[in-house]
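Down below is the structure, laid out as structure tokens.
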Amino acid sequence: MTVKKIDLHRAGRATQQSLRDLNEVLVLNVVRERQPISRVDVAGFTGLEGSTVSKIVARLLDNEFVYEEGVGVASPNGGRKKRFLHLNPDKAYAVGVELGIHQSTVALSNFSGQILGSAVLAHESEPQVTIEALARGIRKMVQSCPDRGRIKGIGVSLIGLVDAREGRVLAAEGLSWDDVPVGSMLRQALNLDLPMYFENGARLAALAEIWFGKHTSPQLQNLVFLDISEGVGAGIVIRGQLYHGFLNGAGEFGHISIDPNGPACSCSGHGCLEVFASDHATVSRYLELRRRGGGAEPAPAVSIEEVVSRSSGGEPPAIEALRQTAGYLGRGLIPVIYSINPEVIVIGGAITKAWEIIYPEIRRVLATQVTRFYASHVTITASTLEDRPGLVGAVALVLARAFSVPSLGW
């Protein structure tokens, strides 16, 4: 099933046979995005008749999708006081899984996308060992749920090139996995009567930003999420829908060559964005700058978090290493802006903790190499999500089905 966020401004009214279901989904989406909201305001926003909204809200209340709380001021003409609608966070729950190279995270979320509990699982990279660790974590989250009967599914964020339909990792360099059937292995290990959904982690981060991100436009429909970590991955959302490409490989912006004469990349190319802008590249650049500057040699295991911390303390090599990374990111975003033309580009990863260094340099590069029209109409921001975007996206992969068409079958 394709998960697509409704564009509330373009959805309009449904007609004929599908009227009831479509309008219920429309109203539920409005409540979720604009809560607390009154019936009158729902009618005004959707264009539905007041009586229709009242009937829909009554059904949503009966089925516990929403609840009423709070009373507004009466209208000047003496009408009734407004009663405000809220999404019911206890309507449903979802388990989210974020697969990592050395450790993974499993979490339980309510219907509002709030993470209620999580567990970090250390594991080896061998597939069967990893699957068994994930299964233990999932069972723990299921057992911790306040109402297990309301768990609507398990969303799993995977690494690398993914067949989302089957939950198969076709290729994941970091794990040295090739054609691993994660979906069937996990179903067998769990033996739970719960639907499972799978997707690439960078795409799920993009989905999380669309559904739960704190952006200025609540109707955000076109977005690119750039995940900066051990590699550089991306998720693309077009008209509210994840874009996969022909071979499920859309978003491999980390392998855009920004310097054909640059260092070799794992993809067999040269000068790829990933070679210059990954966390490993930033740390290596920092160590080299330290060496050139004659500073005391830091411990070999310096992390990207440590580089960011040192930049906050004013250490010049750390600041310069991050500034150069941002410059490479700016160059890598040029073809993204021209080819995808997104409304928003979100950057995620540890380097965003140094946003005061990263953002100005990205903008400086774009100002010199992207036409003013395009550069001025794209918003570039750090991830607005406090929790790990891939994990939140795994939760959204389950919950978003209640807000899509067809839905409300829970």
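Bear in mind these aren't lab numbers, they're just calculated from the coordinates by the rules spelled out. Keep in mind the model is a prediction, meaning the values are calculated, not measured. Here Cβ is always computed from backbone atoms with ideal geometry, including for glycine, and neighbour counts include all displayed protein chains.
General remarks:
- Translational diffusion coefficient of the chain (Stokes-Einstein, Kirkwood radius from Cα pairs, 10 °C, 1.306 mPa s): 69 µm²/s.
- Of the peptides 358-366, 318-326, the order by per-residue mean of other Cβ atoms within 10 Å, starting with the highest, comes out as 318-326, 358-366.
- Packing, as the average of other Cβ atoms within 10 Å across residues, places the peptides 58-68, 260-270, 30-40 in the order 30-40, 58-68, 260-270, highest first.
- Those trypsin sites (Lys or Arg not before Pro) in the range 78-116 that DSSP places in a loop and that have at most 16 other beta carbons within 10 Å: ARG80
- Annotation: peptides 345-355, 184-194, ranked by per-residue average of other Cβ atoms within 10 Å with the highest first, follow the order 345-355, 184-194.
- Estimated FRET transfer efficiency when R0 is 45 angstrom, pair SER257-HIS86 (beta carbons, to 0.05): 0.35
- The length gained on full extension between ARG34 and HIS102, counted as 0.36 nm times the residue separation minus their Cα-Cα distance, comes to 20.6 nm.
- Zone of GLU132's modelled label, taken as backbone nitrogen in the range 149-188 under 16 Å from a point 7 Å along Cα→Cβ: 185-188
- For the chain, the tally of Lys pairs with Cα-Cα distances below 25 Å comes to 17, considering only residues 8 or more apart or on different chains.
- Remark on ALA171: its backbone amide H falls under 5 Å from those of LEU161, ASP179, a criterion applied only to residues 5 or more positions apart or on other chains, H modelled at 1.01 Å from N.
- Loop-located GluC sites (Glu not before Pro) in the range 129-236, at most 14 other Cβ atoms within 10 Å (DSSP): GLU166
- Helix 355-369 vs. the chain, principal-axis angle (Cα, 0 to 90°, nearest 10): 80 degrees
- Gained length - SER144 relative to GLU69, 0.36 nm times residue gap less alpha-carbon distance: 24.3 nm
- Overall form of the range 177-257 per C-alpha gyration tensor (a/c, 1.5; a/b vs b/c): oblate
- Between helix 127-144 and the chain: long-axis angle, C-alpha atoms, 0 to 90°, nearest 10: 40 degrees
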